[in-house]
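Here is the structure we will look at.
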Amino acid sequence: MSKTVMPLSSTQLMPTQDSGRTRTPSSVGNWMGKYPGRTLLRLAATLGGLWLASTALGLLWPEPDQVAKGDPSVDKATSLAPLPKEPIIILLVGIDSDQLNDLTNQAAPMGSANADSLMLVKVAAKQPVEVLQLPIELAVTLPGSNGMQPLASSYRRGGIALTADVIAEILGLTKGQPHRFVVIPRKALRVLVDGLGTVEVNLNAPFKHKDNAQNYSVDLQAGRQSLNGNEVEQLVRYRAGPEEESGRRQRQQWILNGLSRQLRQPNTLAKLPKLLKEFSKEVQTDLTPRELLSLTAAALSNNQFPILSELPLAPRAGEQTLRQLKTSHPMPLWPQGN
């Protein structure tokens, strides 16, 4: 079940009016000048995993003896780890290379990794997880580029530091958000799904495609399916054409709901510490192992499916591939829960 976001303002990429003042596109210099602490935090995490914000963020996670008792669902979840005291926003970047250190992504465009999917995930104790899917085809201005570029290319140009700051600027996030990040290559997705067993989805049509250039194929039938890691990768990679990103986001939603169901299976909880340890080996993140367990516990501390949201896009003009957001909506662009 998804939650619809109200129509939005124009992404802050074209000039818009916000509380009587004009907002214009930002260069990386402007981002670093406007958000020096956040930018340096992301850069430090990318270069060496330095914990510049560990003291402040440490306040969000209690010590083990501070866990509240009494709610059976919470007690079960906190067998993994204490729940966070406050909501945590994580930037998930799904990249189009198989592993983090691959020299080439074996994808299109060929070269270093691009962001294949971008999501913000808000996790809070005893609350449904909130997921905002960000359109990778969104038109943005990036440093050193002539003209508008897709949001996906921010990762290739500036890694997690630039990607996080561009998204924070677009959405009007407060200082320090997102709090954490996870970069997920394709192998990590396979490890996660296979570690859980399978993921059940109900496909509304068959999906069959072969791409020799990218050494990729998909062959899935319509109807209810139990997919392994390779098949999940095929489904989330599948795109009928260059203008079919919205369809791919819908298929990502199917997988997110399937993963949510699988995580709640009776035999899953005992697997999670080992599985998350294996998953962590395949991703880049500034989450500690204890924080990752804590966020998983918080996600399992209620019985609701994730609340999935998208940013509404304006219709394409002609054959353009880049998109803009719908106009006339005040900040913030992501109203996070109640």
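Out of all the residues in the stretch 169-179, is one or more in a loop (DSSP other than H, G, I, E, B) and open to solvent by less than 10 Å² (accessible area, probe 1.4 Å)? Taking every residue of the stretch 169-179 in turn, at least one turns out to be in a loop (DSSP other than H, G, I, E, B) and open to solvent by less than 10 Å² (accessible area, probe 1.4 Å).
Could you please let me know if S280 is closer than 22 Å to E200 by Cα, modelled with pLDDT of 90 or more, out of contact with any strand residue (DSSP E or B) (no Cβ under 8 Å at 6 or more places or on another chain) and not aliphatic (A, V, I, L, M)? No, not satisfied.
For the stretch 54-83, enumerate the residues that are assigned to a loop (DSSP other than H, G, I, E, B), closer than 19 Å to P289 by Cβ and at pLDDT below 50. Correct list: V67 only.
Residues are listed down the side, and each one gets a yes or a no for (1) outside any loop (DSSP other than H, G, I, E, B); (2) out of contact with any Gly (no Cβ under 8 Å at 6 or more places or on another chain):
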residue	(1), (2)
K85	no, yes
I89	yes, yes
L92	yes, yes
S97	no, yes
N101	no, yes
T104	no, no
G111	no, yes
V131	yes, yes
S145	no, yes
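Among the residues of the stretch 140-153, are any open to solvent by less than 20 Å² (accessible area, probe 1.4 Å) and in contact (Cβ under 8 Å) with a residue 60 or more places away in the chain? Among the residues of the stretch 140-153, at least one is open to solvent by less than 20 Å² (accessible area, probe 1.4 Å) and in contact (Cβ under 8 Å) with a residue 60 or more places away in the chain, which makes the answer yes. The set of residues in the stretch 114-130 being in contact with a Ser or Thr (Cβ under 7 Å, 6 or more places away or on another chain) and open to solvent by less than 10 Å² (accessible area, probe 1.4 Å) consists of A115 alone.
Cβ separations smaller than 8 Å between residues 6+ apart or across chains give the following pairs from the stretch 174-200 residues that are free of Cβ contacts under 8 Å to residues at least 60 places away in the same chain and within 21 Å of K271 (Cβ to Cβ) to residues that are in a helix (DSSP H, G or I) and open to solvent by less than 40 Å² (accessible area, probe 1.4 Å): R190/G229; R190/V232; R190/E233; D194/G229. Please work out if V131 is at pLDDT 95 or above and closer than 24 Å to A314 by Cβ. It is true that V131 is at pLDDT 95 or above and closer than 24 Å to A314 by Cβ.
The values are calculated or read from the model by the stated rules, or taken from the named source; none is laboratory data. Quantities reported herein were computed from a predicted structural model and do not represent experimental measurements. As a convention, Cβ positions derive from the backbone with ideal geometry for all residues, glycine included, and neighbour counts pool all protein chains shown. Accessible surface areas use protein heavy atoms only, side chains included; no ligands, DNA or RNA. Shrake-Rupley method; radii C 1.70, N 1.55, O 1.52, S 1.80 Å.
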